[in-house]
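> Got a structure for you, written out below as structure tokens; questions coming shortly.
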Amino acid sequence: MTVPPHATPLGLSIDGWTVLKELGNGGFAVVYLVEKHSRQCALKLARHRDSSGDDKQTHARTMRELAALLHLDHPNIIRHQGYGYSERGNAYLALEYVDGWTMAEWAERKHPTVREILTVFDKLANALSYMHSRGVLHRDLKLSNVLVRRNDGEPVIIDFSCATYESAEELTDSGLPPGTDRFRAPEQFRWLQAHKDEHRARYAYQVSDEVFALGAMLYDLLTDSRPTAVEARFSLNSPVVKPPAARTLNARVPEALSDLVESMLSREPGRRPVDTEALRRELGELMADPSDEYLRPAHPPSEQLQVEAAGDGLPLPGAVSSRPVSSGAMMARGLAAFVTLGVLATAAALWFNPGSPAPVPAAQSEGARSTSPAPISPPLQSAPPAMSQTNLAAVAQPGPESVAVQVQKEGPTVKNTPSPEATTQGRQSRGKAIAAECATMTLVAALAAGCPGAQIRPESFTCPAGSEDAMREDLHWKINEGFDLTLDSRHDPIGRVWFTAGAEVVGIVPQGVTDSRQRAVAPPGTRFYGKAYYLSDKMGRAEGPALVVRYDRVKLPGQDERPVCFVVEMTAYKYEDGRVQASNLGGGYVVDRWP
């Protein structure tokens, strides 16, 4: 059977399984709900096509996932139901079908109490302890890879495509194992930086990496009332600064739980719980706490997503709540952002000047422990573009990137105030020199140097892993091909808008696109995810000051996200206080590398 790249073969058969609907669609596999002899399962079909030249690698990847699942039999781990081959020869795995929400959707839909969240993570820790005792490491733990079953609330770990086990053959050519960067432990990037010139070196993934990933999942559920939304978030694995304690961002988080999460996210593996069984014992102790603070929802339900998807009652990922956020929550967020930027500038200066004394925080957010200094706040983070190995200082959602801050639009800016003794001529000449120097810096360096507005200049980067195949094979895009889109769907598409340099943007193809080629390969409703940058001079195709948006992920309607390399350059009309003004409606082009 030939599977069209952009169509679900409803009603067709795959090795005797009748396809009922598509459940997921990724770069290496598509998952269908199928039925055979009145039995339903999730069928994961490898996406290899003859033109990819990767049939052996695709088959080996599928067989390794099957082998990992054959080691396991646990109620909170997806169960295999067999495997086979489609009529075209593509390998498939038949898996247990779990009717449920992802953990992020579950948190927004069910408004769980702190104890209910702990109960779910206790079961996950138990499943991981069992998994590790069988020699299997998942290597891609994240909120979207755990489903919470609707009928009984049981969590189920899914997607073992990145998993490994004892004696398994390594299939990746890169130093780090496959996975999602936001949930990688910091030591992975320290290792990669230290071994960047050793092409055959491979990082030895450990149980401590899984503990960190689980801590990142717990942190996001406790600190983010809308975890499915596309927005900037604090980096959890920056080698420069730590994320703020969970209780600092959400006063509803019990202090003991905040301490546990902080230990799970420790920069030093030895300071985390020694394994998932030890973690489970710590979770059990917290679950036994009779305090009322464990019995209330982790977030006020009014702050969580209320918009539901038509037909299935699920929250719409990335949607904005129709209910207003409380003024107290807004004040807490504003204070956290202010403290974050202030401490970040000091931390960045220390990074570039190791001999400087340690900073003394000027203030703490409500809910922070007064017995110890406030944690150094890291850059905000969202799903990032994959960068070259020379830019590994901060990591986020698919490749590591240079240390940069996702500045919220309403957040304060960092300015450099000239001394009152300076003459007008001196101020002007110094201002020109600073502007020229700042234009070549990343944001953290600019903050440390006191640059006006801390403008960001994008650096050269390699496209995200898998983007070349995804663009050529899955999307049928061509290098230098152009598409029209609204640069940031959160603003009015008509006229000029302000973009925050360094912040994430979510572009969308509007309904008015008439070009037949674009409608076929990037139709209306296609979403582009990336970041905005500012160029003060010519760097790419722009002749002068420009807004540059680099999109590293795309999601076509009804399909999963795919890694891409897509760039937009627009004339910059104004630049001030870290923001750049440009038109919000324009065209971009497909690239294989940023110059």
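Each reported figure results from applying straightforward, stated rules to the coordinates on display, with no laboratory input. Worth saying up front: this structure is predicted, and the values here are computed from it rather than measured. Please note: Cβ atoms are built from the backbone with ideal geometry, for glycine as well, and neighbour counts cover all protein chains shown.
> Each residue of region 72-80 in order: what ³J(HN,Hα) in whole Hz does its phi give by Karplus 6.51 cos²θ - 1.76 cosθ + 1.60, θ = phi - 60°, with x for Gly and Pro?
Each residue's phi maps through the Karplus curve to give 10, 7, 8, x, 9, 10, 4, 9, 7 Hz.
> Are any of the pairs Lys531/Lys555; Lys242/Lys574; Lys142/Lys555; Lys531/Lys574; Lys21/Lys555 more than 27 Å apart by Cα-Cα distance, and if so, which?
Those over the limit are Lys242/Lys574.
> Another question, if that's okay. Could you order the peptides 113-120, 235-242 from most to least packed, using the average number of other C-beta atoms within 10 Å per residue?
My ranking of the peptides, most packed first, is 235-242, 113-120.
> Scan around Asp289 for amide H atoms under 5 Å from its own, H built in the peptide plane at 1.01 Å from N, and keep only partners 5 or more places away or cross-chain.
HN-HN under 5 Å from Asp289: empty list.
> If you don't mind, there's one more thing I want to ask. Between Thr514 and Asp560, what FRET efficiency follows from the Cβ-Cβ distance if R0 is 22 Å, with the result rounded to 0.05?
0.25
> Among 17-25, 58-66, what's the highest-first ranking by average C-beta atoms within 10 angstrom per residue?
Result, highest mean Cβ count within 10 Å first: 58-66, 17-25.
> Among Thr514, Thr228, which comes first, then next, by fewest other beta-carbon atoms within 10 Å?
Ordered from fewest to most neighbouring Cβ atoms within 10 Å, Thr514, Thr228 come out as Thr514, Thr228.
> So who's got an amide H within less than 5 Å of the one on Ile14, skipping anything under 5 residues away but keeping other chains? H placed 1.01 Å off N, in plane.
Counting only residues 5 or more places away or on other chains, the set is Val19.
> Output wanted: per-residue J couplings in Hz (rounded whole) for region 223-230, from phi through Karplus 6.51 cos²θ - 1.76 cosθ + 1.60, θ = phi - 60°, x for Gly and Pro.
Here the 3J(HN,Hα) series is 9, 10, 6, 10, x, 7, 6, 8 Hz.
> Where in region 107-147 is the amide nitrogen less than 15 Å from a point lying 7 Å along the Cα-to-Cβ axis of Leu171?
Label zone hits: 137-140.
> While we're looking at this one, here's another question. Tabulate in residue order the Karplus-calculated ³J(HN,Hα) for region 504-512, using 6.51 cos²θ - 1.76 cosθ + 1.60 with θ = phi - 60°, rounded to whole Hz; enter x for Gly and Pro.
Ordered by residue, 3J(HN,Hα) equals 6, 10, 10, x, 8, 7, x, 5, x Hz.
> Based on other C-beta atoms within 10 Å, arrange Glu96, Glu169, Glu576 from fewest to most.
Placing the least packed residue first, the sequence is Glu169, Glu576, Glu96.
> Also: Select from region 470-579 those chymotrypsin sites (Phe, Trp or Tyr not before Pro) which occupy a DSSP coil region and have at most 16 other Cβ atoms within 10 Å, ordered by residue number.
Qualifying residues, ordered by number: Tyr573.
> Can you list the residues, at least 5 places off or on another chain, whose amide H is less than 5 Å from the amide H of Glu481, using H built in the peptide plane?
Val590
> Given the Cα-Cα distance of Arg267 and Glu285 and 0.36 nm per residue of separation, how much length would full extension add, in nm?
4.1 nm
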